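The values are calculated or read from the model by the stated rules, or taken from the named source; none is laboratory data. These numbers come from a predicted model, not from an experiment. Ideal geometry is used to build each Cβ from the backbone, glycine not excepted, and the neighbour counts take in all protein chains shown.
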Amino acid sequence: MAPPVPLLALHEAKVAFGPRPLFDSLSMGLSRGDRACLVGRNGSGKSTLLRVLAGVQELDGGSRFVQPGVTVAYLPQDPHFEPGGTVADHVAAGLGADHDQDPTTRHQVDAILARLNLGGDRQLAELSGGEGRRCALARALIIEPDVLLLDEPTNHLDLPTIEWIEDELARFKGALLVISHDRTFLNNLTRNTLWLDRGRIQRLDKSFAHFEDWSQELLDREAQEQHRLDRQIHREEKWLLRGVTARRKRNEGRLARLQDLRAKRRDWLSAPGTAKLAVDTAQGGGDLVIEAKEISKSYANGTGGEKKIIESFSTRIKRGERIGILGPNGAGKSTLVKMLIGKLAPDSGSVKLGTNLKPVYFDQRRESLDPDTTLWRALAPDGGDSIMVQGVQRHVVAYLRDFLFDDGQARQPVRTLSGGEKNRLLLSRLFANPSNLIVLDEPTNDLDMETLDLLLDVLDSYKGTLLLVSHDRDFLDRLVTSIIAVEGDGEVQEYVGGYSDYLARRNGKASKSAADKPPKLQPQRQVKPAGNKSTSRKLSYKDQRELDSLPQRMEEISARMAELETSLADPKLYEGDPKRVFGLAAELETARSELSTAEERWLELEEQREALSADRAPR
């Protein structure tokens, strides 16, 4: 059966910024019914590729094809709004019509804005980040496109809106391509996965849930090919040393092939790195970090009445706990956090803070970053070229490299950074300061999945206390010990466990005995000791790296053992120096011991990985 004709396609596409192409000779297509995600590291070119597909960025080479009559809608990562105008005007402009004059258009606009809980008469200039994204999404959806391209559609959105988008896109009949760091969103929505890696696109016709196993299989296959390539290079270099001078003319082709092999190896070795995150835990402080008793907060609603934010909420938070805070936008999450850390007084009730608290705060709006300062001065505002990180003096540029910044970026202004880079800069400042309480407000926005995994590993091993405001369901499930849900109208409830536990309890799926016992004051909350990796339900970053490297290490030891055994089997060896015989025999015994140790460690890590995978598998 012939493959379907693509609605939108690229052929031999090339985009270059400077001398090195971002991607070259890239071909791909989207057909009706595709529901695909585009994954890859930050900086790999995902957003650029989406802009090229949308037709808003020109190609440096190759071609873009759109079937005649096909409509393409695009949601950028950072929607731009012209000054002036209302939400309804902006959405209606997607239809090329005047919202105020066309009754049909007005009905369509009102209907979609109602579904997104967004007022049409709001001024564009006063929208928050989440509201602006909903407005841009409404404009993309209202034209009922054949192809829908979405760049981080869930950023800054609350869970009810994310769930609404999932339902809406699940009914979409055209071709969908989405970039997102939200694993749960991708698992629920996609049935195709496109992986952009080092300028190449690879396709898996399965959902994102299969991506980790598939990508690891491809990387393992590539590692094996690289090993064969290394051996081939070794043979070619030995040949060159023996004969290239005498046979230069006749063997120029073979020399060129060697250079090609070396170029391929350089490409493999130049794969992007992973951020090196670490956090310094301050000493001191007691076992009790925060105790809130019957706290309440209300604000005047502008009509002479009051809007209840929190009413009679109590909790006790102990050292080492990791508390997730979620709820709809505007429900009062930030207000609750400010009261819990003592930055805002409750109207009634009391908050008691533990002794010697050293908090650090991650601000999702990035207001603490001066857009006109350089990355260097953002880390060293008092001057100098070094900072203290976990008690060690580090050069600013070297520390920035740990967070995947190029040396040249150190002197660039903050305003030139992407959203993900600004978040990484904030994390670099945050983790340089000793603390025993970390407050993170939507830290996962704009981060790639590898950095998210590493951030989760770092926070999982943090010995202090964590308050995490997030709408990332997977991140909450893999990290927090309990959930505080700000439901609106003053209602705040606490649930032991992660997001899935909260959802089951909220929907009445948990056992009645557990559901009937959610006391507002919970001194008996079970806390997973810091550093226990079972919460994340996967190997730590360090262990996974070790597991990945062990097969090559075992192969290298086995190859050396084979060489030693061949040497020891040669009768001529024993006619010479006996010290050499004993030396080779001792070296072989050492290699055997190293191989045994490596095999045992590999088996131990593999058993841990399989056990953790079984724990997180659906039951």
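Within region 15-69, work out how many residues are basic (Lys, Arg) and touching a strand residue (DSSP E or B) at 6+ places or on another chain (Cβ under 7 Å).
Count: 4.
Examine region 221-228 for a residue that is at pLDDT below 85, within 26 Å of the chain's Cα centre (by Cα) and either of a type in the set (Asp, Glu) or over 30 Å from His11 (Cβ atoms) (or both), and state whether such a residue exists. It would help to see each step written out before you state the result.
Just the residues of region 221-228 that are at pLDDT below 85, to begin with: 221-228.
Adding the requirement that they be within 26 Å of the chain's Cα centre (by Cα) leaves 221-223.
From the residues that got through so far, the ones that are either of a type in the set (Asp, Glu) or over 30 Å from His11 (Cβ atoms) (or both) too are 222-223.
Checked against the condition, which is being at pLDDT below 85, within 26 Å of the chain's Cα centre (by Cα) and either of a type in the set (Asp, Glu) or over 30 Å from His11 (Cβ atoms) (or both), region 221-228 yields at least one hit.
Inspection of region 174-196 finds a residue satisfying the criterion of being more than 22 Å from the chain's Cα centre (by Cα) and crowded, with 20+ Cβ neighbours inside 10 Å.
Inspect all residues belonging to region 274-293 and state whether any of them is under 30 Å from Gly497 (Cβ atoms), acidic (Asp, Glu) and at pLDDT below 85. Scanning region 274-293 turns up at least one residue that is under 30 Å from Gly497 (Cβ atoms), acidic (Asp, Glu) and at pLDDT below 85.
The single residue among Leu38, Leu49, Leu59, Leu22 that is in contact (Cβ under 8 Å) with a residue 60 or more places away in the chain and not in a strand (DSSP E or B) turns out to be Leu49.
Being more than 30 Å from Trp214 (Cβ to Cβ), modelled with pLDDT of 90 or more and of a type in the set (Val, Ile, Thr) narrows it down to one of Thr71, Thr86, so name that one. So the residue among Thr71, Thr86 that is more than 30 Å from Trp214 (Cβ to Cβ), modelled with pLDDT of 90 or more and of a type in the set (Val, Ile, Thr) is Thr71. Looking across Gly419, Gly383, one residue alone is out of contact with any Lys or Arg (no Cβ under 7 Å at 6 or more places or on another chain), at positive phi and outside the structural domain of Gly43 (by TED's automatic domain parsing). It is Gly383.
Of the residues Ser31, Ser27, Ser63, only one is among the polar types (S, T, N, Q), assigned by TED's automatic domain parsing to the domain that holds Asn192, more than 14 Å from Gly199 (Cα to Cα) and touching a His at 6+ places or on another chain (Cβ under 7 Å); which?
Values: Ser31 fails: touching a His at 6+ places or on another chain (Cβ under 7 Å); Ser27 fails: more than 14 Å from Gly199 (Cα to Cα).
When all the criteria are applied, what remains is Ser63.
Just one of the listed residues (Ser31, Ser47) is under 21 Å from Leu186 (Cβ atoms), surrounded by fewer than 20 Cβ atoms within 10 Å (Cβ to Cβ) and of a type in the set (Ser, Thr, Tyr), namely Ser31. Selection of first residues in region 407-428 that are in contact (Cβ under 8 Å) with a residue 12 or more places away in the chain and hydrophobic (A, V, I, L, M, F, W, C) and of second residues that are assigned to a loop (DSSP other than H, G, I, E, B) and surrounded by 15 or more Cβ atoms within 10 Å (Cβ to Cβ), restricted to Cβ pairs under 6 Å at least 6 apart or on distinct chains, gives the following pairs, ordered by first then second residue: Val414/Leu369. Among the residues making up region 67-92, those that are surrounded by 17 or more Cβ atoms within 10 Å (Cβ to Cβ), of a type in the set (A, V, I, L, M, F, W, C) and within 12 Å of Cys135 (Cβ to Cβ) are Leu75, Val87, Ala88, Val91, Ala92. For region 435-448, the criterion of a residue being modelled with pLDDT under 80 and acidic (Asp, Glu) is satisfied by at least one position.
Summed over region 388-400, the residues that are touching a residue at least 24 places away in the same chain (Cβ under 8 Å) and either among the acidic types (Asp, Glu) or assigned to a helix (DSSP H, G or I) (or both) give a count of 2. Where strands (runs of 3 or more DSSP E) fall wholly inside region 304-368, the ranges with 2 or more residues that are within 26 Å of the chain's Cα centre (by Cα), assigned by TED's automatic domain parsing to the domain that holds Asp441 and crowded, with 22+ Cβ neighbours inside 10 Å are 322-326.
Regarding Leu539, is this residue modelled with pLDDT of 50 or more, of a type in the set (A, V, I, L, M), under 36 Å from the mean Cα position of the chain (by Cα) and not in a helix (DSSP H, G or I)?
Numbers: modelled with pLDDT of 50 or more: yes; of a type in the set (A, V, I, L, M): yes; under 36 Å from the mean Cα position of the chain (by Cα): yes; not in a helix (DSSP H, G or I): yes.
Yes: the conditions hold for Leu539.
The strands (runs of 3 or more DSSP E) falling completely within region 88-201 that include 1 or more residues that are in contact with a Leu (Cβ under 6 Å, 6 or more places away or on another chain) and of a type in the set (Asp, Glu) map to 147-151.
Return yes or no: is Ser470 of a type in the set (Gly, Ala, Ser) and buried (at least 22 other Cβ atoms within 10 Å of the Cβ)?
Details: of a type in the set (Gly, Ala, Ser): yes; buried (at least 22 other Cβ atoms within 10 Å of the Cβ): yes.
Yes: the conditions hold for Ser470.
So, in region 420-476, of the ones that are hydrophobic (A, V, I, L, M, F, W, C) and assigned to a strand (DSSP E or B), which residue ends up nearest to Trp164 (Cα to Cα)? Only one residue tops the list, namely Val469. When region 97-148 is limited to residues that are modelled with pLDDT under 85 and β-branched (Val, Ile, Thr), the one that is surrounded by the fewest Cβ atoms within 10 Å (Cβ to Cβ) turns out to be Thr104.
Considering (1) touching a residue at least 12 places away in the same chain (Cβ under 8 Å); (2) among the aliphatic types (A, V, I, L, M); (3) out of contact with any helix residue (DSSP H, G or I) (no Cβ under 7 Å at 6 or more places or on another chain), the lone condition that Ala345 does not fulfil carries the number (1).
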